[in-house]
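The values are calculated or read from the model by the stated rules, or taken from the named source; none is laboratory data. None of these values were measured; they are calculated from a predicted model. Glycine also receives a Cβ, built like all others from the backbone with ideal geometry; neighbour counts cover every protein chain displayed.
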Amino acid sequence: MTDLTALTIAEARDALAKKDFTAVELTDAYLGAMEKARALNAYVLETPEKARAMAAASDARRAAGTVGALEGIPLGVKDLYCTEGVRTTACSKILDDFVPPYESTVTSNLWADGAVMLGKLNNDEFAMGSSNETSCFGPVVNPWRRKAADGSIDPTPLVPGGSSGGSSAAVAAHIALGATGTDTGGSIRQPAAFTGTVGIKPTYGRCSRWGIVAFASSLDQAGPFARTVRDAAILLKSFASVDPKDTTSVDLPVPDYEAAVGTSIKGKVIGIPKEYRVDGMPAEIETLWSQGIDWLRAAGAEIREISLPHTKYALPAYYIVAPAEASSNLARYDGIRYGLRVTGDDITDTYELTRAAGFGSEVRRRIMIGTYVLSAGYYDAYYVRAQKVRTLIKRDFDLAFQAGVDAVLTPATPSSAFGIGEKSGGDPVEMYLNDIFTVTVNMAGLPGMVVPGGLDAKGLPLGLQLIGRPFEEETLFQVGEVIEQAAGRFTPAKWW
Ligand code: GLN
């Protein structure tokens, strides 16, 4: 039998419909591949029994003639999503062995459409990071490795990006057919770029945040990882819904995103922001960007230089807004209601001991920054200012869209995947700079997608980012497909 894990979602869906194999057989192929790939540390919990039961139920539904949009498709779930009866930790010691009595809205949507859960995926603690090195379960290893000058494979372990590093690694390594991610400042798009996968952060409000462990509530969005643009479109259709349990979710019809894939982009206006040419950007990224422009022009798009003048303030403003909201959201982990408890002499002592033992250093840093910028005397100087900058960033995009721009094309990241430990030692700002091209999109609440564009000289994937108008994800799928057709698809050579 052919390797079932090599199929895309669209291919698996069609093959399941033709009864080439069953959902149980497909799930078993994935469970086998997961067992062999434990060196990647992508899963923090495998749920094989649940997976087989869900797959068997899917086969039974198909036999009875009810077939959902994701019927029998095996997926991995970022450990930030609450899954009923299945341990959920946000990869933090403070959640310990928390087992949620409820299911997140997004994952409920996926299971309602027939998908199968393979297990929970590693991520940076509370989704804070760009390398998956802050997880209490240890780092994820990128399935991609560098090529040495003599063509041999350099065994240096690389990061898969973060915070959704387990999701990106699993999809790239074929140990999940698709995966859920969350993106507060780039956590879907940057790991997609580092692993040669497709990742989309939809418009703020497109997907419900209910049941997803909160990081920075005004920036957090759920979104899928997939191996192709079409697969990402199929998944997003199922992710998206209005939800009375999340008042920021939006009551707009969810389009058939897949229908946009493969349609012509003739006449679409693609904006190229001059402010994204940052100092020190490797020439290869510049070249890839130009290549992307050429592909879109060749497909009939009109290319227009645009200006997003407040881009340079996005990263500093993000690192005020995100920690401020995080410090407030993380106040609930007090050792009393759920998760870890370290009992002290009195209640205050218990709070302090629990929080000191439960939170890792990056999370503690964010809480300190957040409480500082929100404190009396500093609130206006930092938090209010950052919110004003945020409005200006959004206005930059509004003006470009009003002038007729349909989508903006930028590089996804300022580098390809780096080595584990390379940027996590000293200055945290080194790590924060990874988000330079992605945070503006969260600050403005816009949809953003990363599609693989090519490989660098070391043989590592590089991504291109497309930014769209609010609630016009279809345009991203349309344009993204053109890039995918031109660039091809990228799969890491198996070493595990
Ligand atoms: N790397 C960014 C941060 O650490 C973004 C993380 C995310 O999108 N969750 O805040």
Query raised in the report: For the subset of region 432-445 comprising residues that are at pLDDT 95 or above and of a type in the set (A, V, I, L, M), which member is farthest from the ligand (Cβ to nearest atom)?
Result: A444
Query raised in the report: Tell me, which helices (runs of 4 or more DSSP H) lie completely within region 277-359 with 1 or more residues that are within 16 Å of the ligand (Cβ to nearest atom) and free of Cβ contacts under 8 Å to residues at least 60 places away in the same chain?
Result: 314-329
Query raised in the report: So which residues in region 200-211 are within 14 Å of the ligand (Cβ to nearest atom) and either surrounded by fewer than 24 Cβ atoms within 10 Å (Cβ to Cβ) or assigned to a loop (DSSP other than H, G, I, E, B) (or both)?
Result: P202, Y204, R209
**Report entry** region 196-238: number of residues that are basic (K, R) and within 10 Å of the chain's Cα centre (by Cα)
**Finding:** 1
Query raised in the report: Do you know which of the residues in region 18-30 that are among the acidic types (D, E) and in contact (Cβ under 8 Å) with a residue 12 or more places away in the chain is nearest to H174 (Cα to Cα)?
Result: D28
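Only one of these is within 16 Å of the ligand (Cβ to nearest atom) and under 19 Å from I234 (Cβ atoms): G480, G468, G448. Name it.
Of G480, G468, G448, the one residue that is within 16 Å of the ligand (Cβ to nearest atom) and under 19 Å from I234 (Cβ atoms) is G448.
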Query raised in the report: In region 382-425, how many residues are touching a residue at least 24 places away in the same chain (Cβ under 8 Å), out of contact with any Pro (no Cβ under 8 Å at 6 or more places or on another chain), closer than 30 Å to R297 by Cβ and of a type in the set (S, T, N, Q)?
Result: 1
Query - Residue satisfying all of: in region 28-81; more than 14 Å from T5 (Cβ to Cβ) and among the aromatic types (F, W, Y); nearest to the chain's Cα centre (by Cα) among these - result: Y81
Requested in this report: Within region 469-481, track down each residue that is surrounded by fewer than 24 Cβ atoms within 10 Å (Cβ to Cβ) and over 23 Å from R395 (Cβ atoms).
Outcome: E474, E481
Query raised in the report: F137 fails exactly one of the following numbered conditions: (1) assigned to a loop (DSSP other than H, G, I, E, B); (2) at pLDDT 95 or above; (3) within 16 Å of L460 (Cβ to Cβ). What is the number of that condition?
Result: (3)
Report task. Please specify each residue of region 142-189 satisfying the condition of being assigned to a strand (DSSP E or B), surrounded by 24 or more Cβ atoms within 10 Å (Cβ to Cβ) and either at pLDDT below 95 or within 16 Å of the ligand (Cβ to nearest atom) (or both). Result -> A179, T180, G181, T182, D183
Report task. Return a yes/no flag: does region 95-117 have any residue that is in contact (Cβ under 8 Å) with a residue 60 or more places away in the chain, acidic (D, E) and crowded, with 24+ Cβ neighbours inside 10 Å. Result -> no
Requested in this report: Give the residue, chosen from A53, A33, A63, A15, that is buried (at least 16 other Cβ atoms within 10 Å of the Cβ), free of Cβ contacts under 8 Å to residues at least 60 places away in the same chain and in a helix (DSSP H, G or I).
Outcome: A15
**Report entry** Within region 212-229, considering residues that are surrounded by 23 or more Cβ atoms within 10 Å (Cβ to Cβ) and under 18 Å from P452 (Cβ atoms), the one nearest to the ligand (Cβ to nearest atom)
**Finding:** G223
Query raised in the report: Which residues, counting only those in region 89-131, are closer than 27 Å to Y351 by Cα, more than 16 Å from the ligand (Cβ to nearest atom) and not in a helix (DSSP H, G or I)?
Result: D96, D97, F98, V99, P100, P101, Y102
Report task. Consider only pairs whose beta carbons are under 6 Å apart and that are at least six residues apart or on different chains; among these, list those whose first residue lies in region 231-243 and is closer than 10 Å to P255 by Cβ and whose second residue is assigned to a helix (DSSP H, G or I). Result -> A233/Y257; A233/E258; A233/F477; L236/Y257; K237/Y257
Query raised in the report: Within region 190-199, can one find any residue that is within 15 Å of the ligand (Cβ to nearest atom), of a type in the set (G, A, S), part of a helix (DSSP H, G or I) and touching a residue at least 12 places away in the same chain (Cβ under 8 Å)?
Result: yes
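Quick grid of which residues meet (1) within 30 Å of V321 (Cβ to Cβ); (2) touching an Asp or Glu at 6+ places or on another chain (Cβ under 7 Å):
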| site | (1), (2) |
| --- | --- |
| A192 | yes, no |
| A214 | yes, yes |
| P224 | yes, no |
| I234 | no, yes |
| K268 | no, yes |
